[in-house]
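What follows is a single structure, written as structure tokens, with notes after it.
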Amino acid sequence: MSTDLDDLTPDDLADLDDLRDLMARALDDVDVPVGRMHDRAAVDGRRLRRRRSALVGVGGLATAAAVAVFAVPLTGGDTTARDDGYAGGHNRAADSVPFVAKPGYWDMPVAEIASRLTDLLPQRVSLTSYERTNTDHAPGESDVVIGYLTGTLSGRTGPGSVEVMLTQLSDQAQRDGAVSQGETWGDQDLSCPPELSSPDIEVRTCATRSDASGRVVERELEMVDHGVTYREVKIVARGGVVYAATANSTQRKWTAPPSASRNPLTLDQLARIATSPVWTSWAPSGS
Amino acid sequence: MDDTEFERFVAARSGQLYRSALLLTTSPHAAEDLLQTALTKAYVAWPRVRAADDPVAYVHGVLLKAFLSDRRRRSSTELAVAEPTDVPVPGVDPSERLALMAALRDLAPLDRAVVVLRFWEDHSVAETARQLGLSEAAVKNRCLRALRTLRGLLTDSFPTSPRSAR
């Protein structure tokens, strides 16, 4: 052991070995609940990874601008367990009932999402590339991207980005959606951004649609952030959320320069894609 | 890749990680929570843990960061209260552990972290300084202060310790 021996008195030096011995004796018989540790880490880890996957879309395109403006509603709550890289809000309310993953349309493989998206794109717009491999998967997770697509569109005016995200709502989030003002479903916020004072960010459109009970189940949003137009449609449907977004920038970071003069999809075109039943009608085999 | 690799890691390393957590937190319940946090983070970031030069050191670092950030978060809002430090184990005299935990609890969390890194995990001054974001001089000062505090506390409250027997 390298040590600062010059600074220690004889008593301090004697303490070093005594302290090590004391620690060793005191902790020798400590019982460690290894099985419980592993099981809880795996369960919590999978839940957090799902949460992170859901928030990849939220932080990716259209809401990138919105997040900058109303980050408190989106990411409010506990922020623990996030300094290793996974991001996003941790909603304590949504955690009062453990998240239970259920099979559903949110398990759609990325190739299937790409195929269905391609069929829905308007003429002269095409999906030119998308991420096919999950390079940051957890133990036990497939390296196949499941439930979301992030890719590049080519349009008449130039390239842009597209994201499709299919997310399961927890039982608790669905109950929260029923008891809140109807705009929040767990981590999914369907409220409109507040009035903005930033000259660089402009909310051009924000429209919501509610179901018969008054809960907001759809939001269409168009924002301009530093010259990039972000369009997003988010829909609560069949126990999950369908999210589609596009931007006239192929770079996934704030204040990136536009890659085209206009967005490859209009808000109406994007809404037609997001509301298509091709997403929610899919089910994993065996479910 | 399946879960087996992570399961093996937990089985092989939880003991040492838990003991470090126990020294840092001085409470079995808090230690379990801290280890749980570290293992969950390791699980989520498993590809990065596997790719690290020293995966074990990586997770020890995660545990230390979680401890320090948790202390920062709590320090402004919580008062320290006495809490049970141990569950008796049949056939084992817990007095040494109780005395050690009580003494460690009297140290500032950062001083406690210095002690754990230097004398439990056997890190050098330079490595301890790097992990804690301190200068080497600060680590030495904190180390000396902590040792002298522990010596006084353990002499008073732990009459059968080897230290007090001299």
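Bear in mind these aren't lab numbers, they're just calculated from the coordinates by the rules spelled out. Predicted model, so just to flag it, every value in this text is computed and none were measured. Don't worry about glycine lacking a Cβ; one is built from the backbone with ideal geometry, like all the others, and counts go over all protein chains shown.
Return the average number of partner chain Cβ atoms within 10 angstrom of each residue Cβ along peptide B:17-26.
Values: counts 2, 7, 7, 1, 1, 5, 3, 0, 0, 0.
Across B:17-26, the average partner-chain Cβ count within 10 Å equals 3.
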- Estimated vicinal HN-Hα couplings, Hz - the stretch B:16-30 in sequence order (Karplus 6.51, -1.76, 1.60; Gly, Pro = x): 5, 5, 5, 5, 4, 5, 5, 5, 6, 8, 6, 9, x, 5, 5
- Note on the structure: In order over the stretch A:125-133: 3J(HN,Hα) from phi, Karplus 6.51/-1.76/1.60, θ = phi - 60°, whole Hz, x for each Gly or Pro, gives 10, 9, 8, 8, 6, 7, 6, 9, 10
- Item | Under-5 Å amide H pairs with A:THR229, H placed in peptide plane, nonlocal only | A:ASN248
- Note on the structure: In order over the stretch B:7-12: 3J(HN,Hα) from phi, Karplus 6.51/-1.76/1.60, θ = phi - 60°, whole Hz, x for each Gly or Pro, gives 4, 5, 4, 4, 4, 7
- Message: Check which residues have an amide H placed less than 5 Å from A:ALA237's amide H, if you skip close sequence neighbours.
- Response: A:VAL242
- Starting from the amide H of A:LEU169, placed 1.01 Å from N in the peptide plane, find each other amide H under 5 Å away whose residue is 5 or more places distant or on another chain. A:GLY240, A:VAL241
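Highest first, please rank the peptides B:143-153, A:208-218 by the mean number of other Cβ atoms sitting within 10 Å of their residues.
Going from most to least packed, we get B:143-153, A:208-218.
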- Message: Give the average, rounded to an integer, of partner chain Cβ atoms located within 10 angstrom of each Cβ in B:140-152.
- Response: 3
